[in-house]
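The structure appears right after this line, and notes come after that.
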Amino acid sequence: MSYLIIEQVLNGLQYGLMLFLLAAGLTLVFGIMDLINLAHGSLYMIGAFLAAAFFQAIGSFFPALLLAIVFTALIGIILERLLYRHLQRMSHLSQVLATFALILIANETIKMIFGAQPLMIGMPASLSGAIEIVPDELYYPSYRLLIIVVGLMVALGLYLLVNRTRIGMWMRAGASNPDMTAVMGVRIKPLFTFVFALGAALCALAGALLGPLLAVSVGMGESILIPAFEVIVIGGIGSMRGALVGSLLVGMIDTVGKLILTLGLRTLFDSATASTLGPTLASMSVSLLMVAVLYFRPTGLFPARG
Amino acid sequence: MNPTPFNASASAQTPFTQGLPGPWTAIFVAVALAIYPLVMSALDQAFYVNLGSRVLIFALAASALNLALGYGGMISLGHAAFLGIGGYVVAVLANNGVYSAWLSFPLAIGLAAATALLIGVVSLRTKGVYFIMITLAFAQVFYYLAISLPEFGGDDGLQLARRSSVPGLDLSSALSFYFFVLFTAGLAFVLLYRLVASRFGRAIVAIRENERRMAAIGYPVFRLKLAAFALSGGLCGLAGALLANASTSITPHTLTWHQSGLLIVMVILGGSGYFWGGLTGAAVYLILEETISDHTEHWNLVLGALLLFIVMAAPNGVMSLRQHLAKRVGGARGHGTAPLAATSHEGEAK
Amino acid sequence: MSQIILEVDNLVKRFGGLVATDHCTLEVKAGEIHALIGPNGAGKTTLLAQLSGELPSDSGRILFEGKDITALPIHKRVAAGIARSYQITTLFPKLTVLENLALSVQARTGHSFDFLGTVTDETDLLDGALQTAERIGLTDVLNHVVGTLSHGRQRQLELGMAIACKPRLLLLDEPMAGTDPEESQRMGDLLNTLREDHTIVLVEHDMDAVFRLADRISVLVSGRVISSGTADQIRNDPLVIGAYLGDEESDHSGA
């Protein structure tokens, strides 16, 4: 029982860190460019499909992962140059519409190229086993541990980037006061491009890493987009720390909460009802957490501005 | 009264009067909508009668959203929730043997409006991007509810054995259902007209234009916005109730944020803040979808490209799309009577 | 004349660590023009926002006509008889002058929740708006869209929006901001005619206008009133000269 919870905590950590990869890019774009990008999840989907395609072509996981990251970042740069740079000056409504349009286009294009069937990415053979954490009691898949390690490393890297480098200083300045940053002479356009490329690369990393665990399918972007949005709103738009805390919170509620709710509900209902109700309540409680946070702190837990 | 002699820099169209229909336009629209299904039935085209019903239903939903989004400036990415609530109320009642429209429709409207009121109380405290996200999150809660509760049929949704019953009417035929929708939506349109043309409507538009000043001159801004949001939700609930009847089923797809996005698309296509915006938008959208889907399975690609083009081509943002088009076509035809234009002697004072 | 219409008692507003209004105490007499002056950043605009209800106060009390209004929201304060104007013109630029003023009138009619009310009878709004337009001298541009008017005329309308609420207390935030000398003169004359119907709290940087118009002046420094009195008293108060007015006066006579 307690091992079950430990396992779910690890799963929550893994899910939360993957959410963080998306939320980090999203919160920077939101915060620095004041741009609402509904299509962020599409970059995640594109990254996963590219990884799957490269994997099928070359048969090796890590090179496929790297290629997917590079190409998705390139797509991000192109989109920023062609579209987002202009959207940035427009109203939120225009941004909602344009990025909604991008989702439709991305989904349809992927469907045209890859078909409607989900693709599979093979797990690297060396990581397909499980690691014994507590002898005979708790095994945890090596691949999931890898995801956790990569996620933690990226979080550390982003922390160093944002807090220890000049670019990071510009990003923080941009998130807290974009006009002032431009006045201070920071070349804001290359910064936007960089932020976008970074966001896209992180999306691809998450998409490719999750590929072997989930089916790579059209629409996968939307299913992770909503939690990612909830994360950055809970954490405070523009705040990297908020994105990390929010991701872990949401990850934990979604997995550990699911388990606890399901177990708790079994005492009230029959187990079939409990196992449908539990996950629902967990998903809902993430939304409700966001609502509660916004009600009491309308700019999130770690507001970047003001 | 003579028409007001406007000066060169004066304009007949302000946000208060733009897009308000005159009586003749309204009569023309009503007559056209009444004749359309008769012609289609005569030609034995039941399909087009049903398409007409769907257009009217989405016109109502989009017009309801237009009240919040176009008139009130509240960018809600969660109106699918109200549409879904309306639909599920009808479906759940039907599955429990209650088919009376007298019961289910008011309940659908009431529950949707009450939900909108609650959502509004929380959401309207936030601004900008946060408002968009929080309405989205709320709608998501209802989506999760629908897909996981067995009472709501999970992923498959609910089927209705037959349409709601209205005393003296048999809604099973395409034609009679169309007229039922036309009558119901028509009532809603009259209500919406009275809303936007009333002092309440003017206050809502003015809040969109300058919320700070509206507060400073003594308007209870929060309550006014909340009222508009709740009314918008309630009318969307009515559309949902009709929608469940149209297809005699309701699925969780109605509650997705994709659906919320499509409602916004309809409002923008038709003209946000214009009275006929919802009707025009729903008609344009559904007819385009029908026609283009006949030729390609990639309708969403076409729609996406079209939307991108619209956003990039609208010079002052999509809110002004309608004005922009009107100018292109050659002068906006203002049907609006200008209730607040000064009478002639002040106008001539210059 | 000597009756106190507004009493500010130990009012405080903090922004994080910064104390913008620091136990501010102030009395405004009915019927006077009471100028509020002070160096930049003294907290004049913050105080005005607290009086109008836009900013909640952290502690202290505001009494209007003897009633505690500290906790009232803006719209209830307007209903009680307090209205404000803005330093930065805050109008409805796409609406006409008449529509702008009618909005102010409509607020006090209380019919804004009249969802289905007929709009054919607008005489109450029209009358109120016309009356105000006459008052502020904008009858010749009633049907002009506000965005097309000159800055000076927009400043007049800015004032008109507050007057149309028929407040007993007007809070004016730099009504002369950005106007040329001629417009400024006209605004001054206009304010002078308003004193019959309204008590006025005037925040203004134009010292000429302040000393010409104000019955009494309060000097705000670092969120605190350091001195209140007539123009002469303020001119000769060593505290004021030391803290603020000295520089301004010498600048002024030098010009």
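The values are calculated or read from the model by the stated rules, or taken from the named source; none is laboratory data. This one's a predicted model, so the numbers in the text were calculated from it and none came from an experiment. Here Cβ is always computed from backbone atoms with ideal geometry, including for glycine, and neighbour counts include all displayed protein chains.
Data overview
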{"read-out": "Per-region count, segment A:141-161, residues surrounded by fewer than 19 Cβ atoms within 10 Å (Cβ to Cβ) and either touching a Cys at 6+ places or on another chain (Cβ under 7 Å) or aromatic (Phe, Trp, Tyr) (or both)", "value": "1"}
{"read-out": "Residue list for segment C:209-221, restricted to those being within 25 Å of C:Thr46 (Cβ to Cβ) and surrounded by fewer than 19 Cβ atoms within 10 Å (Cβ to Cβ)", "value": "C:Phe211, C:Asp215, C:Arg216"}
{"read-out": "Which numbered condition A:Leu10 misses (of (1) in contact with a helix residue (DSSP H, G or I) (Cβ under 8 Å, 6 or more places away or on another chain); (2) within 14 Å of chain B (Cβ to nearest Cβ))", "value": "(2)"}
{"read-out": "Residue tally, condition of a type in the set (A, V, I, L, M), touching a residue at least 40 places away in the same chain (Cβ under 8 Å) and not in a loop (DSSP other than H, G, I, E, B), over segment B:115-133", "value": "6"}
{"read-out": "Yes/no for B:Thr248 being in contact with a strand residue (DSSP E or B) (Cβ under 9 Å, 6 or more places away or on another chain) and either in contact (Cβ under 8 Å) with a residue 40 or more places away in the chain or more than 26 Å from B:Tyr178 (Cβ to Cβ) (or both)", "value": "yes"}
{"read-out": "Count - residues of segment C:44-76 that are touching a strand residue (DSSP E or B) at 6+ places or on another chain (Cβ under 9 Å), of a type in the set (D, E, K, R) and either at the interface with chain B (Cβ under 8 Å from one of its Cβ atoms) or surrounded by fewer than 22 Cβ atoms within 10 Å (Cβ to Cβ) (or both)", "value": "5"}
{"read-out": "Any hit, segment C:171-180, residues being within 17 Å of C:Ala133 (Cβ to Cβ), among the polar types (S, T, N, Q) and surrounded by fewer than 24 Cβ atoms within 10 Å (Cβ to Cβ)", "value": "no"}
{"read-out": "Matching option when the condition is within 30 Å of A:Val245 (Cβ to Cβ) and either more than 21 Å from the chain's Cα centre (by Cα) or within 14 Å of another protein chain (Cβ to nearest Cβ) (or both), among A:Leu79, A:Leu97", "value": "A:Leu79"}
{"read-out": "Filtered residues of segment A:263-306 (kept if facing chain B (nearest Cβ under 8 Å) and farther than 13 Å from A:Ile232 by Cβ)", "value": "A:Thr273, A:Thr276, A:Leu277, A:Pro279, A:Thr280, A:Ser283, A:Met284, A:Ser287, A:Leu288, A:Val291, A:Tyr295, A:Pro298"}
{"read-out": "Selection within segment A:100-134 - within 14 Å of another protein chain (Cβ to nearest Cβ) and modelled with pLDDT under 90", "value": "A:Gly115, A:Ala116"}
{"read-out": "Among the residues listed as A:Leu259, A:Leu225, A:Leu214, A:Leu249, the single one being more than 12 Å from every other protein chain (Cβ to nearest Cβ), within 18 Å of the chain's Cα centre (by Cα), assigned to a helix (DSSP H, G or I) and not charged (D, E, K, R)", "value": "A:Leu249"}
{"read-out": "Any hit, segment C:217-225, residues being more than 17 Å from C:Lys29 (Cα to Cα), assigned to a strand (DSSP E or B) and touching an Asp or Glu at 6+ places or on another chain (Cβ under 8 Å)", "value": "yes"}
{"read-out": "Some residue of segment A:50-57 being of a type in the set (Phe, Trp, Tyr), touching a strand residue (DSSP E or B) at 6+ places or on another chain (Cβ under 7 Å), in a helix (DSSP H, G or I) and farther than 16 Å from A:Val250 by Cβ", "value": "no"}
{"read-out": "Failed condition for A:Pro118, given (1) more than 21 Å from A:Ala24 (Cβ to Cβ); (2) crowded, with 19+ Cβ neighbours inside 10 Å; (3) not small (Gly, Ala, Ser)", "value": "(2)"}
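Residue by residue, here is whether (1) over 18 Å from the mean Cα position of the chain (by Cα); (2) away from every other protein chain (no Cβ under 13 Å); (3) in a helix (DSSP H, G or I) holds:
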position: B:Phe183; (1), (2), (3): no, yes, yes
position: B:Val205; (1), (2), (3): no, no, yes
position: B:Arg212; (1), (2), (3): yes, no, yes
position: B:Leu226; (1), (2), (3): no, no, yes
